[in-house]
1. Any chance you could check the Cα centroid distance between region 37-89 and region 145-221 for me, in angstrom?
2. Which order, highest average first, do 244-253, 132-141 follow once you tally other Cβ atoms within 10 Å for each residue and take the mean per peptide?
3. 222 nm [θ] for the chain, helices only, -39500 (n - 2.57) per DSSP H run of 4+, per residue, to 500?
């Protein structure tokens with residue numbers, strides 16, 4: 001854990017990544033709704049001070065934030081509640097710094113004020129969650145910048161442990177025992193999808209895989225099992241780019257959704 005604790009009570013974590021592009025190009029990727037939706041989660045963003053940002057992490061899981069500082073194309077800060085009512089407010093600062101060689105440094109800093117360690121695990125989770133998404137951001141800017149993106153996002157739930165949920169999901173998708181750089185294709189009965197393993201276990205948990213896709217169109221897919229609110233979520237995010245992406249999503253999304261819903265159904269609320 002690398003939570004920085006200051007005498008004032010401010011606690012923070014930061015993550016950064018070098019990406020290709022001009023500051024303006026990188027800014028569009030991190031500070032507009034279509035840009036963020038091309039590598040993270042579906043996002044709506046009002047690009048101004050006082051504007052609202054809404055990130056959707058799955059059905060019924062909208063996370064709103066308010067822009068409190070806006071200095072395009074260099075820096076913006078948004079504030080949101082860390083959790084349920086009564087929880088501290090977390091400020092998230094995004095900045096873009098031009099580097100030599102046509103590169104930029106993207107930095108995100110999450111900070112809050114607290115007198116106890118109660119929220120350190122959540123800060124640590126935020127810190128560990130970014131590396132894989134930043135890898136997707138870098139791939140997007142390297143290979144797909146400015147191209148139309150159509151994304152699919154699927155969320156299911158498991159009553160078992162993370163490792164058991166991943167064993168089931170990875171097993172059904174043929175992802176277990178793969179190595180980095182190894183080719184993969186979706187098993188029979190599922191829509192056509194194929195590519196290579198980009199990285200394994202790079203994210204909040206070890207039970208994750210990031211794929212570079214070449215079918216049904218170029219893109220990436222991030223699949224994993226994560227603890228969330230006392231439950232285990234199985235998530236699959238697919239980012240497809242280019243002229244064929246929209247048709248592929250329209251064709252394949254219902255079948256992928258059926259697989260997720262049947263394998264990891266939503267819990268019954270009673």
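Where a number appears in this text, it was derived from the coordinates with a stated rule and is not lab data. Please read these numbers as outputs of a predicted model, since none were measured by experiment. FYI the Cβ positions are ideal-geometry reconstructions off the backbone, even for glycines, and counts take in every protein chain you see.
1. A separation of 26 Å, based on Cα centres.
2. Details: 244-253: 16.2, 132-141: 21.1.
Peptide ranking by packing, descending: 132-141, 244-253.
3. On the way: 5 runs with 64 residues, N = 270.
Per the formula, -7500 deg cm²/dmol.
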